[in-house]
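First comes the structure, then the notes that go with it.
The values are calculated or read from the model by the stated rules, or taken from the named source; none is laboratory data. For clarity, every value in this text was computed on a predicted model and none was experimentally measured. Positions of Cβ are generated from backbone atoms using ideal geometry, with glycine treated the same way; all protein chains shown enter the neighbour counts. The protein model used for the area step is the full one, side chains on, heavy atoms only, and it has no ligands, DNA or RNA in it. Shrake-Rupley method; radii C 1.70, N 1.55, O 1.52, S 1.80 Å.
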Amino acid sequence: MFSVIGILVLGISQLMEVRAGQAIPIFDGKTLNGWEGNTNNWRVESGAIVAGSRERRQPHNEFLATRREFGNFELRLQYKLEGTNGFVNGGVQFWSQRVPNNFEVSGYQADLGAVTDGNLYDESRRNRNLVEAKKETREKVLRPGDWNDYRIRAEGAHIQLWLNGVKTVDYMESDKTIPERGIIALQIHGGAWTKVQYRNLVIEELPETTSP
């Protein structure tokens, strides 16, 4: 994991210039440089990317997305989710695309919150869980209302998720039409009094593969 000082030394221009085999922060801890979205909601507080508030209802889903796309990768990050009165939820989109003329993003999602932590969901595409984390695993490892570690590895048709160091998803995509490249986007789900935070986002690009 990179320290805050290490992130700052890299410099803004380097953050999105990721090379295969090299783990690089994609958030500098201070600004949203390299990202795009509704900055009336998405912001930086205390070294984290933050959206929403426990004092007001989030009207609909919103996503903060990287300005560049990624192919095969391994992403590590931490998230913290708080909220009440509704579907308190967020997620990390990958190999995704923004839906034209809409606030939605379509693609794979490493889900979090509302008893979905550790699930692999297909957002605004097949609209269903592709893999659900085991309930007993989630209950054992999840730290509700505190910082949790997520590790996402997407390599060809093979997708794996780890929640706080425990693997929850080992999935092979059978649909050969599904893109293996796209943006990464952070989600806050609509419909609840919710605050979501993401920090320490570090990505390693992996060599390209050819799915069988």
Which numbered condition in (1) closer than 21 Å to Asn72 by Cα; (2) more than 16 Å from the chain's Cα centre (by Cα); (3) surrounded by fewer than 17 Cβ atoms within 10 Å (Cβ to Cβ) is the only one that Arg181 fails?
(2)
Residue check, Glu74 touching a Gly at 6+ places or on another chain (Cβ under 7 Å), touching a residue at least 60 places away in the same chain (Cβ under 8 Å) and open to solvent by 10 Å² or more (accessible area, probe 1.4 Å):
no
Please list, ordered by residue number, the strands (runs of 3 or more DSSP E) wholly in the range 88-145 having 3 or more residues that are touching a residue at least 40 places away in the same chain (Cβ under 8 Å) and crowded, with 20+ Cβ neighbours inside 10 Å.
89-98, 105-113
Any residue that is within 24 Å of Glu132 (Cα to Cα) and either more than 16 Å from the chain's Cα centre (by Cα) or at pLDDT 95 or above (or both) - is there at least one of those in the range 62-70?
yes
List the strands (runs of 3 or more DSSP E) inside the range 154-212, counting only whole elements, that have at least 1 residues being out of contact with any Phe, Trp or Tyr (no Cβ under 9 Å at 6 or more places or on another chain).
166-172, 193-205
